[in-house]
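The values are calculated or read from the model by the stated rules, or taken from the named source; none is laboratory data. What you see is a predicted model, and the numbers here were worked out from it, not measured in a lab. Cβ: placed from backbone, ideal geometry, glycine included. Neighbour counts: every protein chain shown.
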Amino acid sequence: MDIPVINLNDLSSEKRSETMALLHEACEKWGFFMVDNHGVDKELMDRVKHLMNLHYKNKMKDEFESSEMAKRLENNGFIKEKDWESTFFIRHRPSSNIHELTGLSVDLSETMDKYINQLVKLAERLSELMCENLGIEKHHIMKAFSGSSGPSVGSKVAIYPPCPRPELIRGLREHSDAGGIILLLQDDQVPGLEFFKDGKWVKIPPSKQNKIFVNIGDQIEILSNGAYKSVTHRVMAMKDGYRLSIATFYNPAGDAIISPAQKLLLPNHICFQDYLNLYMKTKFGDKGLRFQSLKDLVNGHQTVLTTEN
């Protein structure tokens, strides 16, 4: 099963319509896709991965290997309430805590800040493209996410070390993401990420040539009135290799109120007799046009549909 790959360079060519259709299908039917030619500096991405791997080796590896959770694998029972990962979280926006985290080198902090500045621009561009495909105002997602202080941006950094008993624990348990647009800088060698699609688990390959993996969070599904899907996914524990995952979340502000975009709602608060009046005139016509007439009625626009007609 080939995962959709969106080449953003094609948006400025004769392939724009085809690329927009591919993005729409990926959001609607997959809930995840790869992005190539995304504008994020690839040398910077390599630097982030190198420094994060170095940080794990120097600051986190010993603690993980001596943890009680790691020792529990000797009990020979499946561990349901824990994940085989070594992780920490960085807040970036609206305020950052990266310089407050103990153990992070100045080089890593500064490199991560530069990376996030570029990644936010990519998230904003993807949000605009999604809005265009949904037929809503270009900045609707950004405005909806802003709240009183602007969208919330943070990164979960995770290392999935080699697991001696991968059949007894997940790297990360099955879940969907609570937020908005998730941009994943992942390992280019070690697999493990899986998404649930059409009744089966799809294995996501390591990201070659620094493609960025994107998935839809719950808030985009809500805002799109279910048109775009937040998909369940997991990380499998692996016997060999250290898998790096840096998932950056472009989320609503904590006080942002998220609801379906009004333009995407089916007609609501319609008297059934009014619906029947229009239905009898348009029974053999396009249902979408009939629904649009009802939306116009609700929004106070002139329409032929009234109970007096």
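Identification of strands (runs of 3 or more DSSP E) wholly contained in the stretch 105-189 with 1 or more residues that are of a type in the set (Ser, Thr, Tyr) and closer than 24 Å to Gly254 by Cβ yields 152-160. Restricting the first member to the stretch 36-56 and to residues that are outside the structural domain of Gln186 (by TED's automatic domain parsing) and modelled with pLDDT of 95 or more, and the second to residues that are crowded, with 16+ Cβ neighbours inside 10 Å and not in a helix (DSSP H, G or I), no beta-carbon pair is closer than 6 Å while six or more apart or on different chains.
Counting only helices (runs of 4 or more DSSP H) that sit wholly inside the stretch 190-309, those with at least 1 residues that are modelled with pLDDT of 80 or more and within 29 Å of Asp36 (Cα to Cα) are 218-223.
Tally time: how many residues in the stretch 82-104 are part of a loop (DSSP other than H, G, I, E, B), among the hydrophobic types (A, V, I, L, M, F, W, C) and under 30 Å from Glu167 (Cα atoms)? I'd like the intermediate steps shown before the answer.
Start the filter on the stretch 82-104 by keeping residues that are part of a loop (DSSP other than H, G, I, E, B), which leaves 82-85, 94-97, 101-104.
The next check asks that each one be among the hydrophobic types (A, V, I, L, M, F, W, C); those that pass are 84, 101, 104.
Filter again for under 30 Å from Glu167 (Cα atoms), leaving 84.
Matching residues across the stretch 82-104 total 1.
Restricting the stretch 217-237 to residues that are aliphatic (A, V, I, L, M) and touching a strand residue (DSSP E or B) at 6+ places or on another chain (Cβ under 7 Å), which is surrounded by the fewest Cβ atoms within 10 Å (Cβ to Cβ)?
Within the stretch 217-237, the subset aliphatic (A, V, I, L, M) is 220, 222-223, 227, 231, 235-237.
Narrowing further to those that are touching a strand residue (DSSP E or B) at 6+ places or on another chain (Cβ under 7 Å): 220, 231, 235-237.
Working: Ile220: 29, Val231: 17, Val235: 23, Met236: 20, Ala237: 24.
Going through the qualifying residues, I end up with Val231.
The number of residues in the stretch 202-232 being touching a residue at least 60 places away in the same chain (Cβ under 8 Å), touching an Asp or Glu at 6+ places or on another chain (Cβ under 7 Å) and not polar (S, T, N, Q) comes to 6.
Flag not set for Arg125, criterion: closer than 30 Å to Phe78 by Cα, charged (D, E, K, R) and either surrounded by fewer than 20 Cβ atoms within 10 Å (Cβ to Cβ) or not assigned by TED's automatic domain parsing to the domain that holds Ser224 (or both).
The residue of the stretch 75-127 that is nearest to His50 (Cα to Cα), among those that are without any contact (Cβ under 8 Å) to a residue 24 or more places away in the chain and of a type in the set (Val, Ile, Thr), is Val106.
Phe196 meets the stated requirement of being under 30 Å from Glu74 (Cα atoms) and among the aromatic types (Phe, Trp, Tyr).
Aliphatic (A, V, I, L, M), assigned by TED's automatic domain parsing to the domain that holds Ser12 and more than 13 Å from the chain's Cα centre (by Cα): is that true of Ala144 in this structure?
Here the answer is yes, as Ala144 does meet what is asked.
Give the residues of the stretch 206-241 that are in contact with a helix residue (DSSP H, G or I) (Cβ under 8 Å, 6 or more places away or on another chain) and more than 26 Å from Gln118 (Cα to Cα), sorted by residue number. Listed by number, the residues that qualify are Asn225, Ala227, Met236, Ala237, Met238, Lys239.
Is it the case, given these coordinates, that Arg72 is within 24 Å of His175 (Cα to Cα), assigned by TED's automatic domain parsing to the domain that holds Arg243 and part of a helix (DSSP H, G or I)? Yes; evaluated as a whole, the condition is true for this residue. Here Glu14 meets each of (1) closer than 28 Å to Asn215 by Cα; (2) assigned to a helix (DSSP H, G or I); (3) charged (D, E, K, R) with one exception, condition (2).
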